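Here the structure comes first, spelled out in structure tokens, and everything after it is commentary.
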Amino acid sequence: MELYADIIVDITHEKLDRTFQYRIPESLQEEVRVGSMVVVPFGAANKEITGYCIGVTALPSYDKAKIKDVISLKEKGVTAQGKLIQLADFMKNRYGVTVIQALKTVLPVKQKVEEQEKKTVTALLTQSELSALGETLSQKHQTARARLVKALTEKPELPYEYVTKVLKISSSTLKWMQETGVATVEITPLFRNPVQGISEENEDYALSRGQQYIIDEITEHRKISGPGKYLIHGITGSGKTAVYVELIERTLKRGEQAIVLIPEISLTYQTLRRFYTHFGAKVSVMNSTLSQGEKYDQMRRAQNGDIQVIIGPRSALFTPFARIGLIVIDEEHENSYKSELNPRYHAREVAAEIARLHGADLVLGSATPSMEAYYAAQHGEYRLFELKERLTGGSLPATQIVDLRAELKEGNRSIFSRLLQEKIADRLQKKEQTLLFLNRRGYTGFISCRSCGHVITCPHCSVSLSLHRDGMLHCHYCGYTQPQVQRCPKCGSSHVLGFKAGTQQVEEKVKELFPQARVLRMDGDTTRRKNSHQAILSSFERQEADILVGTQMIVKGHDFPNVTLVGIIAADLSLSEHDFRSGERTFQLLTQAAGRAGRGVKPGDVIIQTYQPEHYSVRAAAAQDYQSFYTQEIAYRSLLQYPPVGCMMAIQICGREEKGTADLAQSLTRQAHAAVRQGLRVQILGPGEAGVYKLKDLYRHVIYAKASDRQPLLLLKNILEQYRAQTRPANEKEYMQFDFL
Ligand code: ADP
Ligand code: ZN
Ligand code: ZN
């Protein structure tokens, strides 16, 4: 059989779009595959150059007679670069993007050399020699040379930029300068180490038995049966990070490298210091404050072997290490591990593929594992370890659920239950601190009954309906609509309303009730300026306020030993998001928030207010019982074939023109249904208006597709893209995006 390879001869972002096709000779067919480095004849002169294979096909895209042969394999096996190409190929198949889009995500952005080097023009003559030379040149009217020499007389070292841009010295003058030995151009690489200067201090303790067990098992497994995948389920403070550090230590001893993913918000001084203590200059940290140039330097240093450990958010996965031996994903349940740009990859999935390509161990850690990870562990894909004790001391807080329906019945219309008010007053008097937490992410328009807590949900999808401006209730999954209800369908009460509670309102109410209290607020509004996030937290830590009101930003990262009360204003806020993950998110948020109380020596209290006190997410969080949450949540996911049991894809249709966008959503839905009639095994939901219908002047509709596995969803994506390519008029502005949920 004839096989053809698509070859890229220059792996830089600008040149990626240029691929060339070559025939693979019979003798090389076994060896040339995606990621291979090959030698090919190039151009009219058939100059031999090296390139990377990014695809193999039996169908040539050109006239066969004009296709040249691959000459040879440049290297046996696959280089680090080649592995990144293999990874891009995986992402292409997994997320249905082009290999070029995937390569652009995976390969570092090359920055101009000037940004990574410091160039200086350094005089080689003495000052008096220079000054004499300057005189002569002026007399000969060689003004440019004279200008340069005069400047060097005054200052024997000049920045290269200054010489070329300010003094306007041409390259021919520079050449003269170097050839005559007047001065030279010195180049020093500017390797920036973004976290220089963190002191190294020692942490001295013996690992606990639980920690030692995990490390031994992983090490043993590696020796006997090779790399493995692991999930460590352990509450904050149970010693997970200490386990990561020891595993990294062993990885480096084997001569391999490690990648550690930590959500950006948790990349605090306290976390990083521990890694620096152990690994010093071998570690580098990646975060969003680094410039492109700094990131590129980091990649080069990784490639050269100057660093062996990288810590960062999801993009740190693409560090071009030669031999990755360990990948750690801490707080693996965090939303930030899912990319919001194309390809919309999940770090967990990509990490598993990198681990497979390199033969690395993959270790996930979380206090509240994602349904995906735990489900995989239940099915033997990951080995599960548990760390149950808090090593930092401090007692677990006492948690109480307050039924807001009962409060209303007894005439309390305030957003604070009587119990919460009492506790706040008590803490103010004891000079201890309180966190008031609003578990809300942006806008939620759900409708619920204040008498019985019943939330109006979609009869087909079991997610809450939301009130739109047309006065109707909409389901964001399937597009189902119904009129707004006047009475609760469950208890008949007329107290059915939308839910409005923002951090600002909570702050105002606190001030009204407790005028003597010093209150700080933290949300999207108060943290818009750079560093204000940190400033608010530090101020609260220094006890400059008694009460901190905020969204989920307040429950991450920081430790507040003087906080002995955490109040969750309404668990319903996240519970009723229009999304099949709302129960999971609520459990995570409540568990995290509860974990904020009682960090110090004083015991803490947690009050969870809610209209749905019997909801399993609330009850399980209050009881700190992950198992019970998981059991009930997975039952719900199975029943409705939501991930991780089934697979789900969102097709988002956006456009500036309201009618055009709606029409496109309709015609795509018809195409999808037609594919189903022809035997495609997917279930189509919608179209419906997106959660935020109009965003930045774009109207947005969504179609959902569910299936038992991913393949039919990728097929559907192809079908819709083809339909679109065939029917799209040149001037049409609507576009679609695909997202695997
Ligand atoms: P996690 O990552 O699960 O939050 P850490 O590894 O950060 O847990 O450990 C929590 C705290 O306990 C840290 O201050 C750490 O220094 C300390 N610690 C970790 N392991 C031990 C141990 N075996 N003995 C004593 N203290 C420990
Ligand atoms: Zn009711
Ligand atoms: Zn629905």
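Throughout, read-outs are computed from the coordinates displayed, never taken from laboratory work. Computed from a prediction, not measured in an experiment: that's the story for all the values here. Cβ: placed from backbone, ideal geometry, glycine included. Neighbour counts: every protein chain shown.
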Given the candidates Leu467, Tyr337, Ile354, the one whose Cα lies deepest towards the positive end of the charge dipole of region 328-481, counting +1 at each Lys or Arg C-beta and -1 at each Asp or Glu C-beta, is Leu467
Below 13 angstrom from the Cβ of Ala675, what's the summed charge of the other residues (Lys, Arg +1; Asp, Glu -1)? +3
Restricted to region 9-144, the DSSP antiparallel beta bridge percent, nearest 5, is 90
Summing +1 per Lys or Arg and -1 per Asp or Glu among the other residues with Cβ less than 12 Å from Val702's Cβ gives -2
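Looking at the chain, send over the antiparallel percent of its DSSP beta bridges, to the nearest 5. Present the calculation step by step, with values, prior to reporting the outcome.
Numbers: 63 of 114 bridges.
Within the chain, antiparallel bridges account for around 55 percent of the total.
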Using only DSSP helix segments of four residues or longer, with each worth -39500 (n - 2.57), what per-residue ellipticity at 222 nm results for the chain after dividing by its residue count and rounding to 500? -10500 deg cm²/dmol
Which Cys in the chain stand alone, with every other cysteine's Cβ at 4.7 Å or more from theirs? Cys53, Cys478, Cys647, Cys654
Just name one of Ala690, Thr289, Val163: the one whose Cα is farthest towards the positive end of the charge dipole of the chain (beta-carbon charges, Lys/Arg +1, Asp/Glu -1). Ala690
Can you tell me the orientation of helix 240-253 relative to the chain, as the angle in degrees between its alpha-carbon axis and the longest Cα principal axis, to the nearest 10? 20
For region 630-705 and region 381-416, write down the distance between their C-alpha centroids in whole Å. 35
Residue by residue, what Karplus-based ³J(HN,Hα) values in Hz, rounded to whole numbers, does region 624-636 have, using 6.51, -1.76 and 1.60 with θ = phi - 60° and x for Gly and Pro? 6, 10, 4, 3, 5, 4, 4, 4, 6, 5, 6, 5, 5
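Counting only other residues whose beta carbon sits under 12 Å from that of Glu31, what net charge do I get with K and R as +1, D and E as -1? Let's see the in-between values first.
Numbers: positive: Arg33, Lys74, Lys76; negative: Glu26, Glu30, Glu75.
Net charge around Glu31: 0.
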For region 600-622 and region 118-170, write down the distance between their C-alpha centroids in whole Å. 73
Using only Cα atoms, tell me the angle between helix 418-430 and the longest principal axis of the chain; keep it within 0 to 90° and round to the nearest 10. 60
Computed over region 35-140, Kirkwood Rh from alpha-carbon pairs, angstrom: 18.7
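Please sort 172-184, 630-642 by packing, taking for each peptide the average over its residues of neighbouring beta carbons within 10 angstrom, highest first. Please report the intermediate quantities before stating the final value.
Working: 172-184: 14.6, 630-642: 16.2.
Answer by packing, highest mean first, reads 630-642, 172-184.
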Sorted peptide list for 97-105, 340-348, 406-414, criterion being average Cβ within 10 angstrom, highest first: 97-105, 340-348, 406-414
Helix 532-541 sits off the longest principal axis of the Cα atoms of the chain, rounded to the nearest 10 on a 0 to 90 degree scale, by 60
Give the whole-number value, in cubic angstrom per residue, of the convex hull volume spanned by the C-alpha atoms of the chain. 233
Quick one: length gained pulling Gln127 to Gln678 fully straight, 0.36 nm per residue minus the C-alpha distance? 189.7 nm
